[in-house]
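**Student:** One structure follows; several queries about it will come next.
Derivation of every value follows stated rules applied to the coordinates shown; laboratory data play no part. The model shown is predicted, which means the values in this text are computed figures rather than measured ones. Backbone-built Cβ (ideal geometry, glycine too); neighbour counts: all protein chains shown.
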Amino acid sequence: MSSSPYKRVLLKLSGEVLMGSQPFGIDPEFVAEMAKEVKAAKDTGLEICLVIGGGNIFRGMAGAAKGMDRAQADYMGMLATVMNALAMQNALEQLGVPTRVQSAIEMDKVCEPVIRRRAERHLKKGRVVIFAAGVGAPYFTTDSGAALRAAEMKCDALLKGTSVDGVYDSDPKTNPTATRYATVDFDTVLADNLKVMDASAVALCRDNAIPIVVFSIREQGNLAAVLAGEGTKTIVQKGA
């Protein structure tokens, strides 16, 4: 397997992947498997930041749709991402990977506040940094939080690990003839409303020339393959 074209990446995981085969919550065994994937990538010398969604515990937009105040629901969703970040930190440290959690909502009993220069220092010392609580404000998704942290940390790419193996021209779950893109440009994603990340996150990556690599995190070994420039994936970039 060839060496990675990246030196520093941000890996965005949807909260749903931490459920494993469960209908809700955190599956410790699946989190442990994810941690092994991250460790294998880090062992190649890569600097890794992580952002994990909270949809396995609580999704703000879903709560708002059921009549909750949107801002209140979003804050609850942010707290769910902190729980997921702590679960991943525990799994990584059990594998001997030094890890720091930084939260956009300060809670100094369990994690650090988001401080960019401190996060830089952690990465230089070989630690994995998990950014939690999105951007610390309602009405922004964890996708936007991931794009913001990727830009702040000057990452070479934003890797989005999902349950789907790339970006399709239509929903592959409902359209068996949907075609997967190998590469696609940012403007096409925005114009055609392709479900990669929310529009603000895509625009932020476009404006900062950060490619988005979409792949299936559920396939064992796929993260390492994608980082090496192999594996099944879609790359969203300028002028594809």
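**Student:** State whether region 1-147 is rounded, prolate or oblate according to the following rule on the C-alpha gyration tensor (a ≥ b ≥ c being the square roots of its eigenvalues): a/c under 1.5 gives rounded; otherwise a/b larger than b/c gives prolate, and the remaining case gives oblate.
**Tutor:** Working: a/c = 1.94, a/b = 1.48, b/c = 1.32.
Judged from the Cα gyration tensor, region 1-147 comes out prolate (a/c at least 1.5, a/b above b/c).
**Student:** Just add up the charged neighbours of VAL202: K/R +1, D/E -1, any other residue whose Cβ is under 14 Å from the Cβ of VAL202.
**Tutor:** Details: positive: LYS12, LYS160, LYS195, ARG206, LYS238; negative: ASP143, ASP185, ASP187, ASP192, ASP198, ASP207.
Combined, the nearby Lys, Arg, Asp and Glu give -1.
**Student:** Moving to a separate point now. Given charges of +1 on the Cβ of Lys and Arg and -1 on the Cβ of Asp and Glu, with all other atoms neutral, how large is the dipole of the chain about its Cα centre, in debye to the nearest 20? List each step's numbers first, then the result.
**Tutor:** Values: 28 positive and 27 negative charges, 138 e Å.
Here the size comes out at about 660 debye.
**Student:** While we're here: Explain nothing, just the number: dipole magnitude of region 97-167 about its Cα centre with +1 on each Lys and Arg Cβ and -1 on each Asp and Glu Cβ, in debye rounded to the nearest 20.
**Tutor:** Details: 12 positive and 8 negative charges, 87 e Å.
My answer is approximately 420 debye.
**Student:** If you don't mind, another one. Of the listed peptides 222-228, 28-34, what is their order by residue-averaged count of other C-beta atoms within 10 Å, with the highest listed first? Walk me through the numbers before you get to the answer.
**Tutor:** Numbers: 222-228: 20.9, 28-34: 17.1.
Highest-to-lowest ranking by the protection proxy: 222-228, 28-34.
**Student:** Ok, one more. Order the peptides 53-59, 18-24 from the highest to the lowest mean number of other Cβ atoms within 10 Å of their residues.
**Tutor:** Working: 53-59: 22.1, 18-24: 13.7.
Final packing ranking: 53-59, 18-24.
**Student:** I want the local charge near CYS49. Using Cβ-Cβ distances under 9 Å, sum +1 for each Lys or Arg and -1 for each Asp or Glu among the other residues.
**Tutor:** On the way: positive: ARG8, ARG149; negative: GLU47.
After counting each charged neighbour, the total is +1.
**Student:** Something else about it: Around MET68, what is the net charge, scoring Lys/Arg as +1 and Asp/Glu as -1 over all other residues with Cβ under 13 Å from its Cβ? Don't skip to the end; give the middle numbers.
**Tutor:** On the way: positive: ARG59, LYS66, ARG70; negative: ASP69, ASP74.
Net of charged neighbours comes to +1.
**Student:** Turning to a different aspect of this structure: Taking a ≥ b ≥ c as the square roots of the eigenvalues of the Cα gyration tensor of region 172-240, is the shape rounded (a/c under 1.5), prolate (a/b larger than b/c) or oblate?
**Tutor:** Oblate, because a/c is 1.5 or more while a/b does not exceed b/c.
**Student:** Rounded, prolate or oblate, given the Cα gyration tensor of region 110-190, with a/c below 1.5 counting as rounded?
**Tutor:** Details: a/c = 2.57, a/b = 2.14, b/c = 1.20.
Judged from the Cα gyration tensor, region 110-190 comes out prolate (a/c at least 1.5, a/b above b/c).
**Student:** Could the peptides 130-141, 97-108 be put in order, highest first, of the mean number of other beta-carbon atoms found within 10 Å of their residues? If you can, show how the numbers build up before the last one.
**Tutor:** Working: 130-141: 22.4, 97-108: 17.8.
Highest-to-lowest ranking by the protection proxy: 130-141, 97-108.
**Student:** Here is a further query. Which cross-chain or sequence-distant (5 or more) residues have an amide H under 5 Å from the amide H of VAL97, H modelled 1.01 Å from N in plane?
**Tutor:** Under 5 Å from the amide H of VAL97: no residue qualifies.
**Student:** When DSSP beta bridges are limited to those with both residues in the chain, what percentage is antiparallel, rounded to the nearest 5? The partial results should precede the final answer.
**Tutor:** On the way: 4 of 33 bridges.
Among the beta bridges of the chain, antiparallel pairing accounts for roughly 10 percent.
**Student:** Out of residues 5 or more away from THR183 or on other chains, whose amide H comes under 5 Å of its own, with H placed 1.01 Å from N in the peptide plane?
**Tutor:** Here ILE235 satisfy the definition.
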